[in-house]
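Visitor: Supplied in C-alpha cells, the structure appears directly below.
The values are calculated or read from the model by the stated rules, or taken from the named source; none is laboratory data. None of the values given here were measured: they were computed from a predicted structure. Cβ atoms come from the backbone with ideal geometry, glycine included; neighbour counts cover every protein chain shown.
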Amino acid sequence: MNKKILILGLMVAISAAAATSEALIEQAKRAGLKPIPEDRSALYKLIDNPKNPITDEKVKLGKQLYFDPRLSRSGLVSCNFCHNLSTGGVDGVDAATGHLWRHNPHHLNSPTVYNAVFASRQFWDGRSPDLEDQAQGPLQAAPEMAATRQHVEAVVNSIPTYVKEFRRAYDNPRMKPTFKDVADVIGVYERTLITPSRYDKFLRGCNKALTAREKEGLKLFIDKGCVSCHNGVALGGGMEPFPQARPYKYAKIGDFKGNKNGMVKVPTLRNILETRPYFHNGAVWSIEEAIRIMGETELGETISDKDTQKIKAFFGALTGKKPYVRYPILPPSTDQTPKPNLK
C-alpha cells in the first residue's frame, strides 16, 4: 500500500512539474522569446538572404576568406582574428585590436559572430542591416584589417583557385570577383554560424532540457523585465537606449554614446558565459557584475546575489553546440598577390 502511495505521489509531482514547465514555456513565448527552429526549411527562412542565397559553394568559399589573413593590409589579420570561432566567436580582449596592434579608437569590444544572423542590425551603433554589409567594414577599418577595396580585389583575383571558386559559386564563367563579392560570401558563411542549445529544446517543449535552477533563472529573467530588450531568437540584436534607468558606471571607458539617437545594439545572450568581457566597451569581466549592472542601468533595481546566481544558471543553458570547424587549407599566393604591408 505504501509503495502504491509513493508511486502515486511521484506521478503527481512529475505531472505538477510538467505543468509548471508548460506554463513557463508559454510565458516565455508571450514575452517574445523564440527558439532556433529545428526544421531546416524554417531555419533557412530566418538565416537566408534572398539577395544573396546560401549555397554550399558560397559557404565553402566564404569560410576560406573568413580565415584568410591576406585580405588584410599586413597579411596577418583575418576575420577570425577578432571573431575567433574557437573562443566563442570573440577575441577575449576589452577593445578590438588589429593592424599594427592598434586598439579600437572608441574602445569598442568585438561582439560574437555566433548567431549574429539573428540580429536585426549589425555593429554597436546598428549602422549595417545585414552580415554582408557588415563584412565590408572591418576589411577597410584602419585599426582592424586596414585594407582597401583595391587590395582585397587584387588578392582574390591574383589567386586562380579563388577566381575559379567564385565563378562556380555564382555560375558566371567570366566573373571577376569584386570587393562586394568577397564580403558577400563571408556574410553567407557567417549566416551558418548558429549554436542551438538546451534552451531551444525547452522552448520547443522538452521539459527535461533545463534543470530546476535554470528554469528559476529563466522565470526571473522574464519577470524582472530583461526580456524587454533581450528577446527574439537571439535574445538581443535590436536597438535600445543605454543606459535607461541609471548611469552606466564604466561609461567613461571609451567615448561611444550609441548612434545619433543614443541607441545601442543589444548583444545576444547566447553563449554569454563564453564571450567575456561584457558591454560595448568590454569593461566588465564578471557575469555576476554584468547582471547586477543591467539591473541597475536598465531596470532601475538591485538584483540580489541569490537571484543573480539563478539568472547566471539560466545563462548556462544558452551555451550552444558550435558548428564543427576544420581550419581550411588556403590556396597559395602567386607572384601577382600583393605583398604584406606592415606600415
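Visitor: For the list (1) surrounded by 15 or more Cβ atoms within 10 Å (Cβ to Cβ); (2) of a type in the set (S, T, N, Q); (3) under 16 Å from ARG326 (Cα atoms), I need the number of the one condition that SER86 fails.
Guide: (1)
Visitor: Sticking with this structure for a sec: Within the range 230-237, can one find any residue that is surrounded by fewer than 18 Cβ atoms within 10 Å (Cβ to Cβ), touching a residue at least 24 places away in the same chain (Cβ under 8 Å), among the β-branched types (Val, Ile, Thr) and closer than 24 Å to ALA28 by Cβ?
Guide: no
Visitor: Answer with yes or no whether ILE36 is buried (at least 16 other Cβ atoms within 10 Å of the Cβ) and over 28 Å from LEU273 (Cβ atoms).
Guide: no
Visitor: Output yes when any residue across the range 282-293 is of a type outside the set (Gly, Ala, Ser), in contact (Cβ under 8 Å) with a residue 12 or more places away in the chain and outside any helix (DSSP H, G or I), and no when none is. Steps first, please.
Guide: Going through the range 282-293, the residues of a type outside the set (Gly, Ala, Ser) turn out to be 284-285, 287-289, 291-293.
Within this subset, residues satisfying the condition of being in contact (Cβ under 8 Å) with a residue 12 or more places away in the chain are 284, 287-288, 291-293.
Going one step further and asking which of them are outside any helix (DSSP H, G or I), we end up with 284.
Yes - at least one qualifying residue is present in the range 282-293.
Visitor: Could you list all residues from the range 258-281 that are more than 18 Å from PRO243 (Cβ to Cβ) and either charged (D, E, K, R) or free of Cβ contacts under 8 Å to residues at least 12 places away in the same chain (or both)?
Guide: Within the range 258-281, ARG270, GLU274, ARG276 meet the criteria.
Visitor: So which helices (runs of 4 or more DSSP H) stay within the range 19-83 end to end and still have 1 or more residues that are under 22 Å from TYR162 (Cα atoms)?
Guide: Qualifying helices (runs of 4 or more DSSP H): 56-66, 79-82.
Visitor: Tally time: how many residues in the range 171-213 are surrounded by 14 or more Cβ atoms within 10 Å (Cβ to Cβ) and assigned to a helix (DSSP H, G or I)?
Guide: 22
Visitor: Determine, yes or no, whether ARG270 is assigned by TED's automatic domain parsing to the domain that holds THR211, closer than 30 Å to GLN64 by Cα, of a type in the set (Lys, Arg) and at pLDDT 95 or above.
Guide: Yes, satisfied.
Visitor: Sticking with this one: Any idea which of (1) assigned to a loop (DSSP other than H, G, I, E, B); (2) surrounded by fewer than 23 Cβ atoms within 10 Å (Cβ to Cβ) is the one TYR114 doesn't satisfy?
Guide: With respect to (1) assigned to a loop (DSSP other than H, G, I, E, B); (2) surrounded by fewer than 23 Cβ atoms within 10 Å (Cβ to Cβ), TYR114 is out only on (2).
Visitor: Let me ask something additional. Would you pick out the residues in the range 117-129 that are on the phi < 0 side of the Ramachandran plot and surrounded by fewer than 19 Cβ atoms within 10 Å (Cβ to Cβ)? Working first, answer last.
Guide: Step one: list which residues in the range 117-129 are on the phi < 0 side of the Ramachandran plot, which gives 117-122, 124-125, 127-129.
Listed by number, the residues that qualify are SER120, ARG127, SER128, PRO129.
Visitor: Output the number of residues of the range 261-281 satisfying the condition of being more than 16 Å from LYS310 (Cβ to Cβ) and outside any loop (DSSP other than H, G, I, E, B).
Guide: Summing the residues that are more than 16 Å from LYS310 (Cβ to Cβ) and outside any loop (DSSP other than H, G, I, E, B) in the range 261-281 gives 5.
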